[in-house]
Amino acid sequence: MSALAEIKDAARKAGFARRKTAHANDIGTGAGVLSGLLAGFRGVPLSGYMPIRTEIDPTPAMAEAAAHGPVGIPVIMAAGQPLKFALWEPDMPLVAGSFGARIPENPEFFEPEIVIVPLVAFDAAGGRLGYGGGFYDRTLELLRAKRPTLAVGFAYTAQEAESLPLEPTDQTLDMIVTEVEVIDLRA
């Protein structure tokens, strides 16, 4: 394992520990903060995610947004490939997908302009540490090459790290939404 991989692994373990504690104390305010942000983007195609493990839950905000425009969820096609996004609606049939995330039974794909991104840790500069598969980095790079795409990290405040070991291929976040605030990094 390279030195950078070891540093990332340690940062990921620390992020998971902070997220687990925050999740255990979650009072459910995060989706409301996310809904407040998304209200300013009514009708813009967006993707959320179906939470796994101790990820903060965006589905109430996604359900509200779905009343105004297309909302999707990511589908892992294969290792090393970008994600695809399948249209999602509240209460639609879902099946188990890769890594335990639920996906639509009969996916209909589209491209979002806003991507709500789960994460393990983030920093004040918009750096993001995920699970290590690079799916969101590849996907955001691809989407941003086609059109402006807003990457919104959704996390607990406790997931913030002072700094993260980032690589040139890591895509930064434009905004971060926590259970208490919206941090706009676009300025």
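Values in this text are rule-based calculations from the coordinates and carry no lab data. Computed from a predicted structure; not experimentally measured. Reconstructed Cβ throughout: ideal geometry from the backbone, glycine too, with neighbour counts over all protein chains shown.
Label-point separation (nm) for Ala39 and Met1, each offset 7 Å from Cα along Cα-to-Cβ?
The answer from the label model is 4.5 nm.
With a 10 Å cut-off between alpha carbons and a GNM built on the chain, which of Ala151, Ala17, Ala65 moves the most?
Judging by the Gaussian network model, the answer is Ala17.
Per DSSP helix of 4 or more residues, -39500 (n - 2.57); summed, then divided by the residues of the chain. What does that give at 222 nm, rounded to the nearest 500? Show your work: numbers first, answer last.
Details: 4 runs with 51 residues, N = 187.
It comes out at -8500 deg cm²/dmol, rounded to the nearest 500.
Where a Cα-Cα gap under 23 Å defines reach, which lysines qualify for Lys20, not counting those fewer than 8 residues away within the same chain?
Lys8
Kindly work out what percent of the DSSP beta bridges joining two residues of the stretch 3-184 are antiparallel, to the nearest 5.
Working: 14 of 26 bridges.
Beta bridges within the stretch 3-184, antiparallel portion: roughly 55 percent.
Return one quarter of the surface area of the convex hull spanned by the alpha-carbon atoms of the chain, equal to its mean projected area, in nm². Walk me through the numbers before you get to the answer.
Working: hull surface 41.3 nm².
Projected area, direction-averaged: 10.3 nm².
Using θ = phi - 60° and the Karplus curve 6.51 cos²θ - 1.76 cosθ + 1.60, what whole-Hz ³J(HN,Hα) does each residue of the stretch 154-160 get, with Gly and Pro shown as x?
Per-residue couplings from phi come out as 10, 7, 7, 3, 4, 7, 5 Hz.
Short version: ³J(HN,Hα) in whole Hz for each residue of the stretch 3-14, in order, from phi by Karplus 6.51 cos²θ - 1.76 cosθ + 1.60 (θ = phi - 60°), x for Gly and Pro, what are they?
Calculated HN-Hα couplings, in order: 4, 5, 5, 5, 5, 5, 4, 5, 5, 5, 4, 5 Hz.
Antiparallel versus total DSSP beta bridges in the stretch 77-165: what percent is that, nearest 5? Don't jump to the answer; show the numbers that get you there.
Working: 7 of 12 bridges.
So the antiparallel bridges in the stretch 77-165 amount to around 60 percent.
Calculate how many DSSP beta bridges within the stretch 36-121 are antiparallel, expressed in % of all such bridges and rounded to the nearest 5. Please report the intermediate quantities before stating the final value.
Working: 9 of 13 bridges.
The antiparallel fraction comes to roughly 70 percent.
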